[in-house]
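Participant: I have a structure here, written as structure tokens, and I will follow up with some questions on it.
The values are calculated or read from the model by the stated rules, or taken from the named source; none is laboratory data. Everything numeric here is computed off the predicted structure, so don't read it as measured data. Note that each Cβ is placed from the backbone with ideal geometry, even for glycine, and that neighbours are counted across all protein chains shown. Side chains are part of the model used for accessible areas, which takes the heavy atoms of the whole protein and leaves out ligands, DNA and RNA. Shrake-Rupley method; radii C 1.70, N 1.55, O 1.52, S 1.80 Å.
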Amino acid sequence: MELSLSHASLKRDTFHLSDISISIGAGLTAITGKSGSGKTTLLSLLAGLIRPDEGKLSLDGKEVEGLLPSCGIIFQHPERQLFASTVIEDVSFALRRSGLDRDEIVSRCEKVLSLMDIGKEKWNESPFFLSGGERRRVAAAGVLVTEPSFLFMDEPTVGLDSASYERLYGILDSYRKESRCVVIVTHDQEIAGFADRVIVLDDGRISADCLPSDILSSDIVRLSEALGIERTSDYNKLVSGIEAFCRGRKWN
Amino acid sequence: MPSIVVDNISFSYGRGDVLSSLSFRAEGSCHISILGSNGSGKSTLVRLIDGLLPLRRGDILVNGISVKDEKSIREIRESIAIIFQDPDSQFVSPVLEEDTAFGPENYEMENIDQIVSRSLSAVSLSDFRKRVPQTLSGGEKERAQIAGALAVNPDIVLLDESFSMLDDDGRKEMDALVGDIWKERLIISITHSADQAINSDRVILLSGGKLIADGSPREVLCSVSLLRKADVRPPFAVRVRESLKERGISIPPVLTTGELKEVLWNFR
Ligand SMILES: Nc1ncnc2c1ncn2[C@@H]1O[C@H](COP(=O)(O)OP(=O)(O)OP(=O)(O)O)[C@@H](O)[C@H]1O
Ligand SMILES: [Mg+2]
């Protein structure tokens, strides 16, 4: 499974992407960069949501026309994706169009809503009667329920409480283990540090494409550097590093 | 002196109570952060303070005036500015200077042109007066929101996850700007980031519509059990300390990453 964008360029009034070529395979890829650097546009190009002015998108060597197949997109303001009159209708929308049988649809929706910790009492409520974070979780549920092979998320950590944040880690990890392709746009250095690969955009160009620990300057990376232990962007590795650091020394 | 008194309020949208028996008071120039899980009632509280939702049980006094007093609601709104999370949905005009003028015009203030110039200049957007707000970058849009708020010269500023779309540097820049231009005012900011709340004067935790903690950042944000109850990710340094504890390594309490570094350097 290899998704490639080759020599893609796109020009709009206020910004541009110039000559972008990247291939993305299974695993977790994070796109970061300053606001206005074109991250969301790049995500939309990869999903086939918009077409480049020049260049092309291809999947395993074949050009993709239109939306990428088996692809799920969770937008930056996912609450704007909500439209149905109840939570359950919203979440089941894509499946109802897929022709799956009713029982299967219901069980998949129940599973994903429980996973996102949206209480049963809210399933028949309007999604607009939810808090900001709850709406984001419902919108995410509506995408995850389709179990896409390609999952694109734009700033998925914003507005999430602690439990939802940990859950996001779990989802990213299970998608990675199932060899799906996940691309996130994020300014959250910690979640970017969890990715297999980080692509940095700067003013419409790719300025770096590397391992997270090579580029990020999160608290995690900075602390590992300051202590002189192995440089890492992964929280668990940091803690193991500090543990070894402390055990090898005496407190004074 | 700006003040907010929340006096034993409860609120329901129809199902159960979303806020219950909530009380706190805040006075003078002070920056309060409110944290709590999704659905714990934070945005509801903001809407109640601004009189956007009808309060029936308990009372909220803004600068001494009750939000239940319909005749004075305009006076209350004039003293409060709110900045929400998503700037795009808050612009009301296709030209930045008109957008900034919206509040002052609405409140029939005088010297609007001067107010707009001063507000835009305070957030370094003077050169962007004629721009379409939607074409600004993320950080510039947030500045534009701040300019709009500044233009109505509020005593009280409510920030509901305002800068959460920005990266760390951008967010810190906005926090600094807000702290600077409204240092004499009462600021209440809602956030999911404990690391962001470290710099405020006071931290309140909500859980299931109840207040479960109200104290200094050090008192509240170092308490892993309180934070867990409110479903708040502890600050980075507090998390690391907790993870080390689970592995049998004890270090003294720390709040900031700087403190953590210093403590760890004591292992030689
Ligand atoms: N307009 C509404 N009608 C009915 N219920 C609502 C409405 N708005 C919010 N609620 C419910 O009230 C509760 C509190 O919502 P509120 O938006 O105040 O939470 P919050 O603390 O701001 O959460 P978040 O962190 O997700 O923004 C939630 O259970 C939510 O589902
Ligand atoms: Mg909210």
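Participant: Across peptide B:110-116, what mean number of C-beta atoms from other chains lies inside 10 Å of a residue's C-beta? Walk me through the intermediate numbers first.
Facilitator: Details: counts 0, 0, 0, 0, 0, 0, 0.
For this peptide, the per-residue mean of nearby foreign Cβ atoms is 0.
Participant: Cα centroids of region A:25-80 and region B:129-145: how far apart, whole angstrom?
Facilitator: Spelled out, the Cα-based centre of one part sits 25 Å from the other.
Participant: Where a ≥ b ≥ c are the square roots of the eigenvalues of the C-alpha gyration tensor, would you call chain B rounded, which needs a/c under 1.5, or, failing that, prolate if a/b is larger than b/c, or oblate?
Facilitator: Working: a/c = 2.25, a/b = 1.35, b/c = 1.67.
Verdict is oblate for chain B.
Participant: Only bridges whose two residues both fall in region B:154-268 count here: according to DSSP, what percent of them are antiparallel, nearest 5?
Facilitator: On the way: 5 of 10 bridges.
Counting only bridges with both partners in region B:154-268, antiparallel ones make up about 50 percent.
Participant: Find which of A:Thr14, A:Ile220, A:Met1 sits farthest along the positive direction of the dipole of chain A, computed with +1 on the beta-carbon of Lys and Arg, -1 on that of Asp and Glu, about the Cα centre.
Facilitator: A:Ile220
Participant: Nearest-5 percent of antiparallel DSSP beta bridges in the protein assembly as shown? Display every interim value, and only then the final one.
Facilitator: Values: 38 of 76 bridges.
Among the beta bridges of the protein assembly as shown, antiparallel pairing accounts for roughly 50 percent.
Participant: Using only atoms on other chains, find how many Cβ atoms lie within 10 Å of each Cβ of peptide B:233-239 and report the average.
Facilitator: Working: counts 7, 1, 1, 6, 2, 0, 3.
Across B:233-239, the average partner-chain Cβ count within 10 Å equals 3.
Participant: Could you tell me whether the protein assembly as shown comes out rounded, prolate or oblate from its Cα gyration tensor? Rule is a ≥ b ≥ c as square roots of the eigenvalues, rounded for a/c under 1.5, then prolate if a/b exceeds b/c, otherwise oblate. Mind showing how you got there, number by number?
Facilitator: On the way: a/c = 1.38, a/b = 1.19, b/c = 1.16.
Judged from the Cα gyration tensor, the protein assembly as shown comes out rounded (a/c under 1.5).
Participant: Additional query: Go through region A:125-137 residue by residue and turn each phi into a ³J(HN,Hα) via Karplus (6.51, -1.76, 1.60, θ = phi - 60°); whole Hz please, and just put x for glycine and proline.
Facilitator: 8, 5, x, 7, 9, 10, 6, x, x, 5, 4, 4, 5
Participant: Show me, for region A:77-94, the HN-Hα J-couplings you get by feeding each phi into the Karplus relation (A = 6.51, B = -1.76, C = 1.60, θ = phi - 60°), rounded to Hz, glycine and proline as x.
Facilitator: Residue by residue, region A:77-94 yields 10, x, 4, 6, 7, 6, 8, 6, 7, 9, 4, 5, 5, 5, 5, 8, 3, 5 Hz.
Participant: Please give me, ordered by residue number, the chymotrypsin sites (Phe, Trp or Tyr not before Pro) of region A:47-125 that lie in loop per DSSP and have at most 15 other Cβ atoms within 10 Å. Walk me through the numbers on the way to the answer.
Facilitator: On the way: sites: A:Phe75, A:Phe83, A:Phe93, A:Trp123; in loops: A:Phe75, A:Phe83, A:Trp123.
Sparse-neighbourhood loop chymotrypsin sites (Phe, Trp or Tyr not before Pro): A:Phe83.
Participant: Output the Cα-based Rg and Dmax of region B:90-153 in Å, rounding Rg to one decimal and Dmax to a whole number.
Facilitator: Gyration radius and largest Cα-Cα distance of region B:90-153: 10.2, 30 Å.
Participant: Okay, moving on. As a test question: what accessible area, to the nearest 10 Å², does A:Lys34 have when a 1.4 Å probe is rolled over all protein chains in place?
Facilitator: So the heavy atoms of A:Lys34 present about 140 Å² to solvent.
Participant: Give the distance, in whole Å, between the Cα centre of region B:169-244 and the Cα centre of region A:96-175.
Facilitator: Value for the Cα centre distance between the two parts: 27 Å.
Participant: Next question, about the same structure. Considering the convex hull of the alpha carbon atoms of region A:96-238, report its projected area averaged over all viewing directions, in nm², one decimal.
Facilitator: The directionally averaged projection comes out at 10.8 nm².
Participant: What shape does chain A have by the C-alpha gyration tensor, where a ≥ b ≥ c are the square roots of the eigenvalues, rounded means a/c under 1.5, and otherwise prolate means a/b greater than b/c and oblate the rest? Each step should come with its number before you reach the end.
Facilitator: Values: a/c = 1.98, a/b = 1.20, b/c = 1.65.
Because a/c hits 1.5 or more and a/b fails to exceed b/c, chain A counts as oblate.
Participant: Report, in debye and to the nearest 20, how large the dipole of chain B comes out about its Cα centre when Lys and Arg carry +1 and Asp and Glu carry -1 on their Cβ. Kindly include the intermediate steps, with their values, before the conclusion.
Facilitator: On the way: 32 positive and 40 negative charges, 244 e Å.
Magnitude of the dipole: close to 1180 debye.
Participant: Specify the longest stretch of chain B that does not include any exposed loop site, a site being one of the GluC sites (Glu not before Pro) with a non-H, G, I, E, B DSSP assignment and at most 16 other Cβ atoms within 10 Å. Don't skip to the end; give the middle numbers.
Facilitator: Numbers: sites that count: B:Glu108, B:Glu110, B:Glu184.
No qualifying site falls inside B:1-107, the longest such stretch.
Participant: I want the antiparallel fraction of DSSP beta bridges within chain B, as a percent rounded to 5. Kindly include the intermediate steps, with their values, before the conclusion.
Facilitator: On the way: 19 of 38 bridges.
So the antiparallel bridges in chain B amount to around 50 percent.
Participant: Once each part is reduced to its C-alpha centroid, what is the distance from region A:189-249 to region B:30-49 in angstrom?
Facilitator: Using only Cα atoms to place each centre, the spacing works out to 33 Å.
Participant: Relative to the Cα centre, what is the charge dipole magnitude of region B:90-153, using +1 at the beta carbon of each Lys and Arg, -1 at the beta carbon of each Asp and Glu, and rounding to the nearest 20 debye?
Facilitator: With only Lys, Arg, Asp and Glu charged at Cβ, the dipole is about 260 debye.
Participant: Any chance you could run the full-extension gain for B:Glu219 through B:Lys183? It's 0.36 nm times the residue separation minus the Cα-Cα distance, nm to one decimal.
Facilitator: Values: separation 36, 0.36 × 36 = 12.96 nm, distance 2.30 nm.
Residue separation times 0.36 nm, minus the Cα-Cα distance, leaves 10.7 nm.
Participant: How do the peptides A:131-138, A:46-53, A:203-210 rank, highest first, by the average count of neighbouring beta carbon atoms within 10 Å per residue? Walk me through the numbers before you get to the answer.
Facilitator: Values: A:131-138: 24.6, A:46-53: 17.6, A:203-210: 14.9.
Top to bottom by mean Cβ count within 10 Å: A:131-138, A:46-53, A:203-210.
Participant: Moving to a separate point now. Suppose accessible area is computed on protein heavy atoms with a 1.4 Å probe; arrange A:Thr32, A:Thr40, A:Thr186 from highest to lowest. Don't skip to the answer; put the middle values down first.
Facilitator: Details: A:Thr32 20, A:Thr40 55, A:Thr186 0 Å².
Final ranking, largest accessible area leading: A:Thr40, A:Thr32, A:Thr186.
Participant: Let me ask you something else. Taking each residue in B:243-251, count the Cβ atoms of any other chain within 10 Å of its Cβ, then average. What number comes out? Mind dumping the intermediate values first?
Facilitator: On the way: counts 7, 4, 0, 2, 6, 3, 7, 2, 3.
Going residue by residue through B:243-251 and averaging, the value is 4.
Participant: Continuing with this model, one more query. Between the chain alone and the structure with every protein chain in place, find the residues of region A:1-48 that drop at least 50 Å² of accessible area; heavy atoms, 1.4 Å probe.
Facilitator: Residues of region A:1-48 that lose at least 50 Å² of accessible area once the other chains are added: A:Ser35.
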